Amino acid sequence: RDDDGNTAFTYACNVGHTDVVKLILDHSTERNIDLNVRDRQGQTAFMNACISEHKDVVKLILDHSNINIDLNTRSGNGWTAFMYACKFGRINIVKLMLNHSTERNIDLNTRALGQTAFMHACRSGHKEVVKLILDHSNRIMDLSARDDDGWTAFMKACTFGHTDVVKLMLNHSTERNIDLNTRA
């Protein structure tokens, strides 16, 4: 580890060296390589690959079901990889994680500071991420969840003027059981 807590695996994921990541994943068990190591911010290599939008690295990790990577690890600020992907509008990463959520037990409703990943996508105005989540067949996400102040994702999209996100939520409100009348 370097002074910031990074390992060779961390660096390979951070910069998107898919071939190196694959080699490390393939030998992680026999060589006792810690794939869940955290940097100074408490972020894992997987989180950093999601933030940096290294789709091939993320897919490789998600497809390696026999490795011991905790995909629901929380960073120092309580965020998960899925939350980062939604917050930063990483559509390809969100899609991969939604598609692997069931078999890899990815918690899509995790909260940090009371907010879910869906709330972050709506607040940030990431229309394509919001649409992907609304269209996704997995119906276990609470799209009307409230944060610690009683705000919903719909309220956040309205407050920050994200017209496209508001339209999507209005169009999906009935089928996805989104409460449009919640009060903070």
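Read-outs: derived from the displayed coordinates by stated rules, not from any lab. Because the structure is predicted, anything quoted here is derived from the model rather than measured. Here the Cβ positions follow ideal geometry from the backbone for every residue, glycine too, while neighbour counts run over all protein chains shown.
Relative contact order for segment 1-96: 28 percent, from Cα pairs under 8 Å spaced at least 6 residues apart, divided by residue count.
Projecting the Cα atoms of VAL21, ALA85, ILE33 onto the charge dipole of segment 1-95, computed from C-beta unit charges around the Cα centre, puts ALA85 farthest toward the positive end. Using a Förster distance of 41 Å, how high is the FRET efficiency between LEU180 and ASN36, based on the Cβ-Cβ distance and rounded to 0.05? So the FRET efficiency works out to roughly 0.55. Counting only alpha carbon atoms, the long axis of helix 18-27 and the longest principal axis of the chain meet at about 70°. Potential lengthening of the chain between LEU170 and ILE67 amounts to 33.0 nm, from the contour at 0.36 nm per residue minus the alpha-carbon distance.
If I fit a long axis through the Cα atoms of helix 91-100 and take the longest principal axis of the Cα atoms of the chain, what angle between them do I get, 0 to 90°, rounded to 10? Helix 91-100 and the main axis of the chain meet at about 80 degrees. Over all other residues within a Cβ to Cβ distance under 12 Å of ALA184, the charged ones net out to 0, with Lys and Arg as +1 and Asp and Glu as -1. Values of log10 I(q)/I(0) for segment 35-97 across q = 0.18 Å⁻¹ run -0.55, by the Debye formula with one identical scatterer at each alpha carbon and no solvent. Taking 28 Å as the cut-off for C-alpha to C-alpha distance, list the pairs among LYS59/LYS131; LYS95/LYS156; LYS55/LYS131; LYS87/LYS167; LYS22/LYS127 that go past it. Going by Cα-Cα distance, LYS22/LYS127 fall outside the 28 Å limit. Each Cα pair under 8 Å and six or more residues apart adds its separation to the average, and for segment 80-184 the resulting relative contact order is 26 percent. The label point for ARG1 and the one for ILE140, both projected 7 Å from the Cα toward the Cβ, are 3.1 nm apart.
Remark on segment 68-184: ratio of C-alpha radius of gyration to 2.2 N^0.38 Å is 0.98.
Between ASN105 and THR159, residue separation times 0.36 nm minus the direct Cα-Cα distance comes to 16.2 nm. With springs only between Cα atoms under 10 Å, which of LYS127, LYS59, LYS167 fluctuates most in a Gaussian network model of the chain? The residue that fluctuates most here is LYS167. With K and R counted +1 and D and E -1, the other residues having a Cβ less than 12 Å from that of ASP4 yield a net charge of 0.
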